[in-house]
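Structure first, commentary second.
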Amino acid sequence: MKKIFILTLLMGISATCLFAQAKKTVKKPVKKPAAPVRGLTSSIAAGKKVYTLYCVSCHQLDGGGVQNLNPPLIKTTYVLGNKGKLAKIVLNGFNDNVEIDGNTYSNTMPPLNILKDQEIADVLTYVRNSFGNKASAVTVAEVKKARASK
Amino acid sequence: MKKKLIFTSIVPLLALAGIFVLCSPKKSSGLENTGTIAPDANNAGLKLPDGFGAEVTAETGAQARHIVVTPNGLIYVKLARPKDGKGILVLQQDANGKATVKSGFGNYGGTGIYLKNRYLYASSNQEVFRYKLNAQNEVIDPNAPEKIITGLKMGREHETKSITLDNDGNIYVNVGAYSNSCQEVDRQLHSMGIKGCPILDSAGGIWQFKADKPNQTYKDGVRYTTGLRNVVGLDWNIQLNQLFVMQHGRDQLHDIFPEMYTTQQSALLPAECMYALKKGDNAGWPYMYYDQIQHKKIMAPEYGGDGKKEAVGNFIDPVAAYPGHLAPNGLLFYTGNMFPEKYKNGAFIAFHGSWNRSPEPQAGAFVVFQPFKNGKPDGDWEIFADNFAGTPQKAASGRADHKPCGLAQGADGSLYVTDDVKGTVYRITYNKK
């Protein structure tokens with residue numbers, strides 16, 4: 001099940017790559033092809049799959065979290081603020097006593113550094129553009145930087 | 001259809017009861033006034049067996065956890081977090097059973113509260129206090145409790161300290177494990193269990209202390225039972241003179257070992273277990289969990305299990321097992337006389353409701369009745385009070401309007417239920433003659 005998912009993900013990435021490169025050669029033939037940057041829509045779609053695998057059991061389908069345990073991902077500064085900090089929460093896990101709107105949350109979030117940069121970029125882009133959130137995409141470069149600065 | 005029938009049969013009853021209440025002279029303390037408590041027209045939104053009714057006794061607007069009701073009808077509610085600096089609310093009921101918040105005290109949050117021998121016991125997440133009561137069961141000095149137990153372990157998970165007392169001067173305190181399954185990295189994919197789980201020295205069990213000795217710490221207490229991940233609902237069974245607890249089973253079998261468990265299996269497993277405890281028992285956490293489908297004690301995957309291998313060790317069996325993640329937060333043996341005979345000495349269990357079933361639908365947010373015979377669970381459990389969530393959709397999404405948590409029995413035999421989402425206090429009565 002998971003293997004199939006990873007396979008589809010890889011296929012998806014390579015397809016996007018090819019597409020992006022093809023597009024680029026037509027429009028800007030001079031610029032050499034950079035690391036693939038996904039369009040917002042495809043990043044959100046890929047991110048949703050990552051969310052379903054790794055995040056949903058705690059943060060829930062609606063991103064609302066669980067009372068006293070798992071913080072909500074809806075319109076919080078953690079989610080909408082600094083993208084590097086956000087990526088580091090995913091990479092390092094989170095054990096701070098979060099207070100959001102007067103409520104505290106104290107469950108353990110494990111480090112998810114097994115996820116690829118692309119997967120983290122996608123899932124954060126998904127979270128920042130779901131559950132009523134609207135914020136800029138998180139790029140692979142931003143995740144890479146966060147991982148390096150660990 | 002059935003709901004309609006109940007509704008139509010209750011409306012005239014209600015009207016009658018209403019007239020009766022209006023015409024009868026008002027008594028100063030309504031609680032001995034049995035048989036005149038009229039349920040709310042909509043049974044407070046709950047679905048109940050035929051003949052039962054419910055009313056909203058009070059709206060506290062706070063995270064109402066465990067609850068006690070004194071013989072003269074005073075209600076004490078422990079709050080998860082203090083509201084306006086008060087962690088315990090005192091509610092006074094009128095003749096119709098409606099209660100208002102009279103006062104509050106105790107600047108600490110927590111879950112545990114218990115009434116015994118004219119003392120009110122209450123816990124923070126690290127300590128247990130007791131307050132002397134006067135003849136009217138009022139706390140004599142709310143600002144000067146005796147500190148009975150101090151220095152209890154509190155991690156970032158399962159912090160609450162539920163309490164109950166026996167009839168021999170002992171208090172039992174749950175110290176929940178500050179971990180899901182004692183992995184090297186808590187809740188991480190494929191992280192294995194720590195050999196000889198070190199958490200168990202000071203948590204993951206029930207500790208016994210003296211009920212009247214001040215400032216006790218671990219060294220003054222006894223680790224009464226070990227291998228219990230977290231207990232919120234517990235009660236002393238007076239028939240058997242024995243402690244019964246409801247364990248919150250481990251989370252995330254699929255998240256941590258996706259190759260062994262599907263999301264569907266992970267939603268139902270492991271069981272939420274009822275244990276009848278004896279001193280020295282080991283219920284097996286984190287080395288095993290109970291699988292209510294295979295009816296077996298299964299070795300935890302963190303400790304070499306594969307979902308099928310049976311546990312190795314001297315671990316007790318549960319006396320009853322319920323579907324996974326329903327979160328049993330309240331346990332009460334019913335000893336009252338108001339409800340029909342079948343409920344006598346049986347157990348009510350408040351299942352707060354699951355969160356760890358995602359992406360599968362959530363379940364719970366109901367009060368279950370477990371029939372008992374001769375001190376043992378006898379026959380299938382049944383949902384006694386349902387629809388705390390408001391709608392089936394809200395129950396399935398986990399966004400319940402209300403989540404049942406604490407249970408208490410009134411002097412007249414009515415059953416009180418707290419809700420820690422909106423702070424509603426319900427009272428369930430039996431009205432069929």
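Couple of notes before you dig in:
- Partners of A:Lys85 within straight-line reach, counting aspartates and glutamates whose Cα lies under 19 Å from its Cα and excluding those fewer than 8 residues away in the same chain: A:Asp96, A:Glu99, A:Asp117, A:Glu119, A:Asp122, A:Glu142.
- Cα-based shape type of the stretch B:278-378, given that a ≥ b ≥ c are square roots of the gyration tensor eigenvalues and the cut on a/c is 1.5: oblate
- Measuring only protein heavy atoms, the 1.4 Å probe finds B:Leu243 accessible over about 0 Å².
- Leading residue at positive end of dipole, the protein assembly as shown (Cβ point charges), from B:Gln183, B:Asn282, A:Gln118: A:Gln118
- Rounded to the nearest whole Hz, the Karplus-based 3J(HN,Hα) values (6.51 cos²θ - 1.76 cosθ + 1.60, θ = phi - 60°) of the stretch B:301-311 follow the sequence x, 5, 10, x, x, 9, x, 10, 4, 7, 5, with x at glycine and proline.
- Sparsely packed GluC sites (Glu not before Pro) within the stretch B:143-237, loop by DSSP, other Cβ within 10 Å at most 16: B:Glu184
- Unit charges on C-beta of K, R, D, E only; dipole of the protein assembly as shown, Debye: 2180
- Degrees between helix B:2-23 axis and first principal axis of chain B (Cα, 0 to 90, nearest 10): 50
- Electrostatic dipole magnitude of the stretch B:151-199 [Cβ: Lys, Arg +1; Asp, Glu -1; Cα centre; debye, to 20]: 180
- Shielding by partners for peptide A:101-107, expressed as the average number of C-beta atoms from other protein chains within 10 Å of each residue's C-beta, is 3.
- Cα convex hull volume per residue for the stretch B:327-384 (Å³): 84
- Whole-number D in µm² s⁻¹ for the stretch B:131-184, Kirkwood Cα-pair radius fed into Stokes-Einstein, 10 °C, 1.306 mPa s: 114
- Largest to smallest accessible area among B:Glu59, B:Glu302 [probe 1.4 Å]: B:Glu59, B:Glu302
- With the charge dipole of the stretch A:48-150 set up from +1 on Lys and Arg Cβ and -1 on Asp and Glu Cβ about the Cα centre, the Cα lying farthest toward the positive end among the listed residues A:Thr139, A:Asn103, A:Val90 is that of A:Thr139.
- Approximate shape of chain B as ellipsoid semi-axes (Cα gyration tensor, √5λ), whole Å, largest first: 35, 26, 18
- Gyration tensor (alpha-carbon) shape descriptor, the stretch B:61-137, a/c threshold 1.5: oblate
- Within straight-line cross-link reach of B:Lys296, aspartates and glutamates at Cα separation under 17 Å, skipping those fewer than 8 residues along the same chain: B:Glu272, B:Asp306, B:Glu310, B:Asp317
- Net charge of neighbours whose Cβ lies under 12 Å from the Cβ of B:Ser181, counting Lys and Arg as +1 and Asp and Glu as -1: -3
- What the phi angles of the stretch B:96-102 give under the Karplus curve with 6.51, -1.76 and 1.60, with θ = phi - 60°, is a coupling list of 8, x, 6, 10, 10, 6, 8 Hz, glycine and proline written as x.
- Dipole-positive endmost among B:Tyr303, B:Ala211, B:Gly379 within the protein assembly as shown (Cβ charges, Cα centre): B:Tyr303
- Summed buried accessible surface, chains B and A, 1.4 Å probe, nearest 100 Å²: 2100
- Euclidean distance between Cα centres, the stretch B:343-380 to the stretch B:103-144, Å: 28
- Atom-type composition of the exposed protein surface of the stretch B:65-153 places 46 percent of the accessible area on carbon and sulfur (1.4 angstrom probe).
- Under the combined filter of DSSP loop state and at most 14 neighbouring Cβ atoms within 10 Å, the stretch B:282-365 retains these trypsin sites (Lys or Arg not before Pro): B:Lys308.
- Per the Debye formula on identical point scatterers at the alpha carbon atoms of the stretch B:47-97, with no solvent, log10 I(q)/I(0) at q = 0.18, 0.24, 0.28 Å⁻¹ is -0.67, -0.97, -1.10.
- Under a 5 Å amide H cut-off, with hydrogens placed 1.01 Å from N, B:Lys116 pairs with B:Tyr121 among residues at least 5 apart or on other chains.
- Peptide B:357-363 - average C-beta neighbours from other chains (10 Å radius): 3
- Amide proton proximity set for B:Asn345, modelled H, under 5 Å, gap of 5+: B:Tyr334, B:Thr335, B:Gly336
- About its Cα centre, the dipole of chain B is roughly 640 debye, where the only charges are +1 on Lys and Arg Cβ and -1 on Asp and Glu Cβ.
- Hull volume in cubic angstrom per residue (convex hull over the Cα atoms of the stretch B:191-248): 115
- Normalised radius of gyration (Cα atoms, divided by 2.2 N^0.38 Å) for the protein assembly as shown: 1.05.
- Expected-Rg normalisation [2.2 N^0.38 Å, Cα atoms] applied to the stretch A:73-124: 1.16
- Inter-chain shielding of A:66-72 (mean C-beta neighbours from other protein chains, 10 Å cut-off): 4
- Pairs beyond 19 Å (Cα-Cα), from A:Lys116/A:Lys145; B:Lys86/B:Lys219; B:Lys219/B:Lys279: B:Lys86/B:Lys219
The values are calculated or read from the model by the stated rules, or taken from the named source; none is laboratory data. Everything quoted here is computed from the prediction, not taken from an experiment. Every residue, glycine as well, gets a Cβ built from its backbone with ideal geometry; the counts of neighbours run over all protein chains shown. The area values use the complete protein model at the heavy-atom level, side chains included, leaving out ligands, DNA and RNA. Shrake-Rupley method; radii C 1.70, N 1.55, O 1.52, S 1.80 Å.
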